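Novice: Attaching a single structure in structure tokens format; questions to follow.
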Amino acid sequence: MKKQKLFSPGPVMVEDNVRKALLHPDICHRSSEFEELFQKLQKKICTLFGADDSYYSLVISGSGTAANETVLSSLFASSHDKVLLISNGVFGERLEEIIQKYQIPMLKIDTPWATPPDLKDVEQVLRENPDIKVIAMVFHETSTGMINPVHEVGELSQKYGKIFFVDSVSAAAGQNIDVTENHIDITTSVGGKCLGAFPGSAYICAKESILQSLSPDQCKNVYLNLYKHYSAAKENSQTPNTPNVTLFWALDAALDNILNEGVENRVQRYAKNAEILRNGLKELGLELLIQEHLSNTVTSVFLPKHLDLHKFLSQMEMDGYTLYPGKGKYLEMGMFQVANMGAISEEDCYEFLDCLKRNLLS
């Protein structure tokens with residue numbers, strides 16, 4: 001089978017030591033060896049997010065959505081507590097789907113895709129609705145490649161005394177998160193994105209005071225239960241149910257890679273590769289979806305109108321490169337996405353651009 005180079009926003013290509021970590025001898029999750037691994041992961045996750053001693057981390061078996069559902073299904077103790085959702089893309093809409101499923105009272109700042117929210121609107125809603133308990137938003141809206149104004153919203157959350165929940169699924173290890181500087185109270189991510197591990201190992205970093213305030217009754221999910229996860233971790237360095245143990249080893253290796261490299265160095269490396277790709281795309285005459293607030297790892301670009309998007313993506317895949325088609329209305333407009341998450345080098349970026357050029361001109 002021909003090896004694909006994944007220029008897609010997850011799953012990603014991984015380093016050799018991460019793949020080899022899957023070959024660790026089988027262990028029981030109710031063993032001291034697992035407990036030691038769990039404790040190491042907790043410390044490394046907090047370091048990744050720039051967390052101080054007031055934060056505590058957990059590992060959730062599942063995708064990033066599983067971590068998000070764990071948080072949103074667990075935070076609301078009263079039927080009167082509201083959430084303010086700031087949404088401007090597919091993954092803001094994913095948070096909305098979770099919120100609606102659990103019947104949480106919601107107010108929404110609904111901004112068009114690829115458009116940043118108006119902070120004046122956010123503050124007005126906070127000022128007029130003191131019963132808002134949580135502000136929820138996505139850090140890196142992967143469907144467009146846009147970075148949202150997390151720091152500014154974090155300042156508003158602190159001003160009005162709200163819990164600030166941020167979906168960092170596509171941002172952790174690709175952007176400078178720094179939960180303390182950005183006033184983030186609770187955040188989520190997953191191994192199979194910028195961190196460079198595999199899908200299926202998600203994690204949460206939260207103010208421990210929030211976790212301590214949880215009660216069993218307020219959590220509305222059995223498996224994705226934040227109270228249970230915190231209690232099991234705090235009491236025994238365990239998970240409440242059987243986790244995907246093998247992926248914990250790969251997550252640990254990927255965390256070691258970024259901490260050895262330096263989080264800021266990884267972020268800058270991603271930014272450099274994104275610059276190479278964007279400069280090359282522009283030189284080929286392609287139009288980018290956004291010009292500002294771009295992430296370090298995902299670029300949304302429009303195919304020339306005379307080319308068929310699906311045939312183009314199929315041909316690129318035959319040539320060894322996996323790309324993502326656009327979503328929503330942008331799919332109809334011939335948009336595709338180029339990601340540079342995971343084990344992608346500068347040389348890989350230049351080789352990709354050469355292949356892209358050949359397919360555009362063929």
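Novice: Positive end of the charge dipole of the stretch 36-143 (Lys, Arg +1 and Asp, Glu -1 on Cβ, about the Cα centre): tell me which of Ile60, Leu37, Ala77 has its Cα farthest that way.
Specialist: Leu37
Novice: Where the Cα atoms of the chain are projected onto their three principal axes, how long is each span, largest first, in whole Å?
Specialist: Extents along the principal axes, in whole Å: 61, 55, 32.
Novice: With axes computed from alpha carbons, what is the tilt in degrees of helix 346-361 against the longest principal axis of the chain, rounded to the nearest 10 within 0 to 90?
Specialist: In the chain, helix 346-361 runs at an angle near 50 degrees to the longest axis.
Novice: Further question on the same structure: Could you order peptides 222-228, 179-185, 284-290 by the average number of other Cβ atoms within 10 Å of their residues, highest first?
Specialist: 179-185, 222-228, 284-290
Novice: Right, something else. Tell me, what is the per residue accessible area of the chain in Å², probe radius 1.4 Å?
Specialist: The answer is 42 Å² per residue.
Novice: Calculate how many DSSP beta bridges within the chain are antiparallel, expressed in % of all such bridges and rounded to the nearest 5.
Specialist: Looking only at bridges with both residues in the chain, the antiparallel portion is about 55 percent.
Novice: Quick one: which of 197-203, 321-327, 240-246 comes out on top by average Cβ neighbours within 10 Å, and what's the full order, highest first?
Specialist: Final packing ranking: 197-203, 321-327, 240-246.
Novice: Further question on the same structure: May I ask you to give the percent of accessible area on the stretch 285-329 that is carbon plus sulfur, with a probe radius of 1.4 Å?
Specialist: Whole-percent figure for carbon plus sulfur exposure: 51.
Novice: Right, another one. How big is the stretch 144-241 along each principal axis, measuring the range of its Cα positions in Å and listing the largest first?
Specialist: Ordered largest first, the stretch 144-241 gives principal extents of 37, 36, 21 Å.
Novice: Can you sort Ser57, Ser63 by 1.4 Å-probe accessible area, starting with the largest?
Specialist: Largest accessible area first, the list is Ser63, Ser57.
Novice: Would you mind pulling out the separation of the Cα centroids of the stretch 215-269 and the stretch 103-117, in Å?
Specialist: 28
Novice: Follow-up question, since we're still on this one. In Å and whole numbers, how far do the C-alpha atoms of the stretch 234-284 stretch along each principal axis, longest first?
Specialist: Sorted largest first, the three principal extents are 55, 22, 17 Å.
Novice: Under 25 °C and 0.890 mPa s, how fast does the stretch 83-152 diffuse according to Stokes-Einstein, given a Kirkwood radius computed over C-alpha pairs? Answer in µm²/s, whole number.
Specialist: The Stokes-Einstein estimate is 201 µm²/s.
Novice: The stretch 190-248: D in µm²/s via Stokes-Einstein (Kirkwood Rh, Cα pairs, 25 °C, 0.890 mPa s)?
Specialist: 193
Novice: If you don't mind, there's one more thing I want to ask. What are the equivalent ellipsoid semi-axes of the stretch 319-362, built from the alpha-carbon gyration tensor (square roots of five times its eigenvalues), in whole angstrom, biggest first?
Specialist: 21, 15, 7
Novice: Would you work out what percent of the accessible area of the stretch 1-154, with all protein chains in place, is carbon or sulfur (probe 1.4 Å)?
Specialist: Ligands and nucleic acids excluded, carbon and sulfur give 51 percent.
Novice: As an exercise, find the ratio Rg/Rh for the stretch 1-120 from alpha-carbon atoms, using the Kirkwood inverse-distance average for Rh.
Specialist: My calculation of the ratio gives 1.05.
Novice: Give the peptides 26-39, 77-90 in descending order of average Cβ contacts within 10 Å, highest first.
Specialist: Those peptides, ordered most packed to least, come out 77-90, 26-39.
The values are calculated or read from the model by the stated rules, or taken from the named source; none is laboratory data. The model shown is predicted, which means the values in this text are computed figures rather than measured ones. Please note: Cβ atoms are built from the backbone with ideal geometry, for glycine as well, and neighbour counts cover all protein chains shown. Areas reflect the complete protein model, heavy atoms only, side chains present, ligands, DNA and RNA absent. Shrake-Rupley method; radii C 1.70, N 1.55, O 1.52, S 1.80 Å.
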